[in-house]
Amino acid sequence: MDPLYAAQRSYRLRDFDTCLSQCTALLEKSPYDQAVWLLKCRALTERGYVDELEWEDDGVDGLLEDHAVASAPRPGTSLIHGATSSSSSSSSTAAAYRPVTASGRPQTGFARVGTSAGPGGSGGRVGTSLDTILRSSGRAGTSRAMTSMGRAVRVGTASLASAPGGAFVDSARLDLRKYAEKPALAKALAMYLLHVEHNPKRALELAALATEAASFSDWWWKAVLGFSYYSLGMMGDAERQFVSALRGAPWNVGLKLHAGRVSIRMDQPSAALKVYGVVGDGEGGDVSLFLAAARLQESMGDGESAAALRRRALICDASCVEATACLAASAFYGDQPEVALRLYRRLLLTYGTTASPPELWVNLALATFYAGQYDLAMPCLDRALTGADGDLLLGDIWYNVGSVAIAAGDFQLAQQALTVATAADPNHAEARTNLGVLEARKGNVGAARTHYAAAQKVGAWMYEPWYNGALLAWRCGDVAGAFSQASKSLQLFPAHADSKELVKLTKQALLTGNVEAL
């Protein structure tokens, strides 16, 4: 088999390591072979490729920039302020319901798959050493073609060759203007600079020269310019480039997603939704755009619009796992366990019984329990425990076993399950809170306080351990402690009626001097 064809076959089979070794062997014989160089460059790029569209959200740090935060945004137009008071009760997530947090129970059972990047991983810089380097002074395309194994070889310049023991491409000494005139090599090099070397500055220079060489008519190079500007934090320039690229390729879904991410980074969610083009009740569109818009609506606190977009995504792709899982979680927390059960069973059919993740079995168990099918809950949890492969996941599963046992009235099983959950995950705040409740029911005040204190330390987002601790302190006669903890509970969950009542009682007791316990 021809060695180049063998390398191309390995590339098509996505066996990038084999492809790279075959290309390296060919480049040792002919360091300036453009075809082999191009194939190796693409193989390195694919092996270290990071899908920017699957990156996690930038978070508050990405939004708190001088160009991003509006001084007085209108209600519902900023990601900084989230949901507004005008949102319906089902659209805003209260502190008592945490369906999409890392430790929220039940979970959606769906995790967006990311890609590795950075030094040391598949996205790190990959170097290839050559034993012998042949140099020539000929320019690209002007040297006389050599022949190798009967194949005509297009010869490149010395800049194509790697230094012994160095990186595959030394971008610092490349003449980018010459590469910009060769679109095939330039595009491969641009992706290499972005995804392997992580050098958006050089990629920006190459894209600018290539755009000029293409008479500003190639939308692909405008997209590279936009992503380079985005990587450098120049959001305004990135937005202009993506908008210009979309004029040349209005059908490109990836460009729309990139442009939407720029608008989100600039705290302009309404502009992002307009770019996605999902406004309206039409059934046409792309699944990726619907899902991106749904995540954005959910981050703004509009759960109803997010659910509607996910239903439209299911119309386009009935097997969309993310849309089904998120709709099931929304139905569960919306007091519709029967609907959630149907959706989770649909996911079970999608994955297959043997390949279903443990989270799905947990969610299925909770949905069956709250739908009244009590005999199916424990077998589902048993299947989840069988497939669990980490302490954190085991802690979550045993916590759910304890929750089901508490709802069924088996407090002994509940305490055992919650104890195992805290052993698997010592920072499991919800399990420690429920253990404190069980200990308080048995009259073990000291143990209950210990569990509440531990839950307050590791679960700073939870109001339950603070309220439970305040209630226990009030009943034990510690009015000052009860007032302090109840006030903290109200800070975390201002709408909690019991915390308001307890604050009122403790404040009145402190003012009147009547500290008699209930």
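When Ala460, Ala431 are checked against the criterion of being buried (at least 22 other Cβ atoms within 10 Å of the Cβ) and small (Gly, Ala, Ser), a single residue qualifies: Ala431. Is it the case that some residue within the stretch 384-400 is outside the structural domain of Ala331 (by TED's automatic domain parsing), buried (at least 21 other Cβ atoms within 10 Å of the Cβ) and of a type in the set (Phe, Trp, Tyr)? Yes: one or more hits. In this structure, Leu502 does satisfy being part of a helix (DSSP H, G or I), of a type outside the set (Ser, Thr, Tyr) and buried (at least 19 other Cβ atoms within 10 Å of the Cβ).
For Lys488, the criteria (1) closer than 19 Å to Asn434 by Cα; (2) crowded, with 21+ Cβ neighbours inside 10 Å hold in every case but one, which is (2). Based on what the data block shows, is Ala480 modelled with pLDDT under 90, over 14 Å from Arg449 (Cβ atoms) and among the hydrophobic types (A, V, I, L, M, F, W, C)? Here the answer is no, as Ala480 does not meet what is asked. Screening Arg265, Arg312 for residues that are of a type in the set (Lys, Arg), in contact with an Asp or Glu (Cβ under 7 Å, 6 or more places away or on another chain) and farther than 25 Å from Val339 by Cα leaves exactly one candidate, Arg265. Please verify whether Ala421 is on the phi < 0 side of the Ramachandran plot, loosely packed, with under 15 Cβ neighbours inside 10 Å, part of a helix (DSSP H, G or I) and not assigned by TED's automatic domain parsing to the domain that holds Ala329, treating the condition exactly as stated. It is false that Ala421 is on the phi < 0 side of the Ramachandran plot, loosely packed, with under 15 Cβ neighbours inside 10 Å, part of a helix (DSSP H, G or I) and not assigned by TED's automatic domain parsing to the domain that holds Ala329.
The values are calculated or read from the model by the stated rules, or taken from the named source; none is laboratory data. Please read these numbers as outputs of a predicted model, since none were measured by experiment. Virtual Cβ from ideal backbone geometry, glycine too; neighbours counted across all protein chains shown.
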